[in-house]
Amino acid sequence: MKFLRFTGLAIAAGFMLASCDNQGSTVETTEAQEVSAGSGETLSVNPNASKVTWTGYKPAGKHYGTIAVKSGELTVDGENITGGRFVMDLTALDIEDLKDDKENYDKLYGHLQSADFFDTQNHPEATFEITNIETYQSGDTVEDTEEFQSDNTPTSSSQQMVANPTHWISGNLTMRGNSKNIKFPATITNNNGTIAAKAGFNIDRTQWKVSYGDESSAADKARDQFIYNTVNVGFEIQAN
């Protein structure tokens, strides 16, 4: 089965931006792992048929949109994916909920590009490198953890994940020069040589030093003046 590509990067995405009754949870995140060279056939990701989605939350509301997939490839040996690397163009981030509000769109876009968030002047791209792919077993689950409750608590991991996942994907996500290994469930299919992958999961943006307006201040939480650390990420990828 020949696939892959990251999305979600994704990632990246969404970095924008007292009770704990609602559930959130982020993907398993560890230190970056060694990437082995893959063997087999090389497939190219189709940027026009691929996208990364993101949603960022704060108590007063949320913003959502996409991040363009710039390039990517994966290597396949028989039915097994043996490696892959994908690049996201953070300067091509889109804010879908502000399409009809140019003034606020431009303001938020500029802030997301600044050093408070992606710092695209120094780090215009985010990358994802596959380190491992495993079969998703019938008994596998995704844990939800508590989130600070508000009118706009982030969607939980169990709600964000795709239905009927087929694989676990692990890989190094690099943003702002910081690399962390993440693991998430995905659905991978092969339709007449076209590989499609779809996933949805949550990340903690502060793991990549994106800490603007984070949840560290109890005073800010009491006033609902913060941006959730949790960001919803999704991807739909095609490669052939």
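All told, Leu93 falls short of being over 17 Å from the mean Cα position of the chain (by Cα) and either at pLDDT below 90 or not aromatic (Phe, Trp, Tyr) (or both). Given the options Lys70, Lys62, name the one that is basic (Lys, Arg), closer than 30 Å to Thr189 by Cα, surrounded by 13 or more Cβ atoms within 10 Å (Cβ to Cβ) and at pLDDT 95 or above. When all the criteria are applied, what remains is Lys70. Touching a strand residue (DSSP E or B) at 6+ places or on another chain (Cβ under 7 Å) and farther than 18 Å from Ser50 by Cβ: does that describe Thr189? Criteria not met by Thr189. When Thr75 is tested against (1) part of a strand (DSSP E or B); (2) closer than 21 Å to Gly234 by Cα, only condition (2) is not met. The condition (being closer than 25 Å to Asn178 by Cβ and either at pLDDT 90 or above or assigned to a helix (DSSP H, G or I) (or both)) is satisfied by just one residue among Gly83, Gly110: Gly110.
Scanning the stretch 159-197 for residues that are among the small types (Gly, Ala, Ser), over 15 Å from the mean Cα position of the chain (by Cα) and farther than 15 Å from Val76 by Cβ returns Ala163, Gly177. Filtering Asp204, Asp214, Asp220, Asp144 for residues that are in contact with a strand residue (DSSP E or B) (Cβ under 8 Å, 6 or more places away or on another chain), surrounded by fewer than 18 Cβ atoms within 10 Å (Cβ to Cβ) and charged (D, E, K, R) leaves a single hit, Asp144.
Within the stretch 31-59, the set of residues being part of a loop (DSSP other than H, G, I, E, B), among the small types (Gly, Ala, Ser) and either modelled with pLDDT of 90 or more or more than 30 Å from Pro154 (Cα to Cα) (or both) comprises Ser36, Ala37, Gly38, Ser39, Gly40, Ser50.
Residue selection: Asn229 fails the criterion of being of a type in the set (S, T, N, Q), more than 18 Å from Gly61 (Cα to Cα) and over 12 Å from the mean Cα position of the chain (by Cα).
The values are calculated or read from the model by the stated rules, or taken from the named source; none is laboratory data. Since we're looking at a predicted model, the values are computed, not measured. Virtual Cβ from ideal backbone geometry, glycine too; neighbours counted across all protein chains shown.
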